[in-house]
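Read-outs throughout are calculated quantities, based only on the coordinates presented, and are distinct from any laboratory measurement. These numbers were taken from a predicted model, which means no experiment stands behind them. Here Cβ is always computed from backbone atoms with ideal geometry, including for glycine, and neighbour counts include all displayed protein chains.
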Amino acid sequence: MADLLFGGTDEENEELKKLHAEVLEDTDSFEAWEKLVRAAEGQEGGINRNSSPQAITATRTVYDRFLAKFPLLFGYWKKYADLEFSIAGTEAAEMVYERGVASITNSVDLWTNYCTFKVETSHDTDIIRELFERGVSCVGLDFLSHLFWDKYLEFEERVECHDKIFAVLGTIIQIPMHQYARYFERYRQLAQTRPLSELVPPETLAQFRVEIENAAGSVPPGSRSEAEVERDIRLRADAHYLETFSRTQTETTKRWTYESEIKRPYFHVTELDEGQLTNWRKYLDFEEAEGSFARAQFLYERCLVTCAHYDEFWMRYAAWMSGQEGKEEEVRIIYQKASSLYVPISRPAIRLHYAYFEEMASRVDIAKDIHNAVLLSMPGHVETIISFANLSRRHGGLDAAIEIYKSQLDSAECDIQTKAALVAEWAKLLWRVKGTSEEARQVFHKNQHWYPDSRPFWTSYLMFELEQPTSAETEPAQYKRIKQVIDDIRNKSTLPIEAAKELLHLYMTYLLERGSSEAAKEYMTLNREVNGPPSVQSIMKTPVSKEAQDKPTAGQDTPNSTFRPDVSAPALTAL
């Protein structure tokens, strides 16, 4: 966005440049974007077809970038379309509406506005009706879609297509929605004036005729007038409508509890409270249990407007869709939408699941590209690096995984704490995959001086030793190794006291569960030093001052320097 040029007055330009800089500083700030949009619209007294080309271009660019960042804000798509209509006319506005309904497909408000715009600017009845039918497929099942349906009926009334009105009402009365009853009353009244062929499907009409003839009993065939037969058919059709009404009423009542708890049915950047999230979870549970694929899918799409930033619901949607037969491409689209548009990359879990999905589909290169994309925005993200290394191991062997760790450990963008975690993962890889405990142990031992204050490193080191399989014969040797780690923690590390305490507690549990006949003595000594009053505590044998903790030791890189694990370690020189 650095290339943005404005066309207002000098005073306006200064303000716009200031707001533009604020957006560049924090592109996730909705408030900063909102101010920039308002300021851009207000150039030269308000953008219109007589504004300077520079001001118009700048305003369009701001809108385009704002809506690329926040595509679910239906109100801004409407504002942008209105602006384009005032600048360039009908076709330009229509293009904006098309982009809008592609971005937020299930917005009742946006579809209503778009269809209203089309009615007001077009004289082609078929094109308008086609647009309404597109809207029906996108928002017709919405519980609050009455505004859209009203516009559709209003259009058909304007062109005096009563058969279309009756057909539209016939669709509406089967949908559980907020104002279902008034549509039914209108449908029932209109049915009295419509021909029999429109009242029910042909097969149902034929069935009614058979039933009426059978009910006549001894009355000779043909003795009843057509008017009498029609009257009986209309009575049966009316009873048929009442059954439909009863079903719709029941389905509406089932959903009313969940719908009444939805306090924010639209997207906003502010977080939802836990009650709202719980209601969506329960509503989805209900709709899935009802068994209608169309209704469940529609509810997921509604939910993911309101909850677009919550990867929990995207992952649930993908999992549900993957449980439907033959829906692999739909699952892929869900992951793509979540990863590309909605879930902030600062929460990369959904992107990693997307990578696993593509790996499952034998598209390993794409899975790797997804990991690289996350690391491009979040260099040094430990979970992503570990996931990437494991992916590489699954498809390229142990050496491929180690190459991932090497490249990250050589990166200046990874801080010391990140590198500590990666070295620990490297060691665990040697142990669990290659099966060489001694090589893994040497990695921990030879590199501990790099990370005196790294809790993940020391925790992994201790757990590695605690988890080694032993027997009665080998336990004494293993005890010495575990004891050495504890001594290093107490004598060489600069861990915070609470972190050191937690590790010592793990060791104390080990003493009681696996220790020798002398374990109780060591346990009680440690208990005094760790859990006793301050006067007798001695957790760290060699207390280290804060200044000493902050100052690199001899031969140690500073946190910002390029780092590679100690290559003198046998495990690493062997690789």
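Before moving on, here are some points about what is shown:
- At q = 0.14 Å⁻¹, base-10 log of I(q)/I(0) for the range 116-236 (Debye sum, equal scatterers on each alpha carbon): -0.70
- Note that the range 119-127 has calculated 3J(HN,Hα) couplings of 4, 7, 10, 10, 10, 9, 4, 5, 5 Hz, one per residue in order, obtained from phi through the Karplus relation 6.51 cos²θ - 1.76 cosθ + 1.60 (θ = phi - 60°); glycine and proline are x.
- Given charges at Cβ of Lys, Arg, Asp, Glu: the chain dipole, positive-most of V364, F208, N447: N447
- Dipole orientation for the range 10-206: of the candidates F66, L110, V136, V136 has the Cα lying most toward the positive pole (charges on Cβ; Lys, Arg +1; Asp, Glu -1).
- On Cα atoms only, tilt of 364-377 relative to the major axis of the chain in degrees: 80 degrees
- Cα centroid separation - the range 133-209 against the range 20-69, whole Å: 43 Å
- Cα-based Lys proximity count in the range 10-206, under 26 Å, for pairs eight or more positions apart or on separate chains: 19
- With K and R counted +1 and D and E -1, the other residues having a Cβ less than 12 Å from that of T250 yield a net charge of 0.
- With Cα atoms, 0 to 90° folded angle of helix 146-158 axis to the chain main axis: 30 degrees
- Share of alpha-carbon pairs per 20 Å distance bin for the chain, given as whole %: 15, 33, 29, 17, 6, 1
- Using θ = phi - 60° and Karplus 6.51 cos²θ - 1.76 cosθ + 1.60, couplings along the range 404-420 (whole Hz; Gly, Pro as x): 5, 4, 4, 4, 6, 5, 7, 6, 6, 7, 8, 7, 4, 5, 5, 5, 4
- Summary value for the range 292-359: 30 percent relative contact order, contacts being C-alpha pairs under 8 angstrom separated by 6+ residues.
- Taking all Cα-Cα distances within the range 434-481, those exceeding 14 Å account for 55%.
- Principal-axis tilt of helix 455-466 within the chain, Cα atoms, nearest 10 degrees: 70 degrees
- Taking every alpha-carbon pair within the range 90-154, the share separated by more than 18 Å comes to 27 percent.
- The range 248-277 and the range 278-310 have Cα centres separated by 10 Å.
- Charge tally around L375: other residues with Cβ under 12 Å, Lys/Arg +1 each, Asp/Glu -1 each, net -1.
- Mean residue ellipticity, 222 nm, helices only, the chain: the sum of -39500 (n - 2.57) across DSSP H runs of n ≥ 4, divided by residue count and rounded to 500, is -22000 deg cm²/dmol.
- Electrostatic dipole magnitude of the range 10-206 [Cβ: Lys, Arg +1; Asp, Glu -1; Cα centre; debye, to 20]: 580 debye
- Percent RCO, i.e. relative contact order, over the chain, from Cα pairs under 8 Å lying at least 6 residues apart: 7 percent
- Net charge dipole, the chain: roughly 1680 debye, given to the nearest 20, about the Cα centre with Cβ charges of +1 for Lys and Arg and -1 for Asp and Glu.
- Counted charge near W149, where neighbours are those whose Cβ lies closer than 12 Å (Asp, Glu -1; Lys, Arg +1): -1
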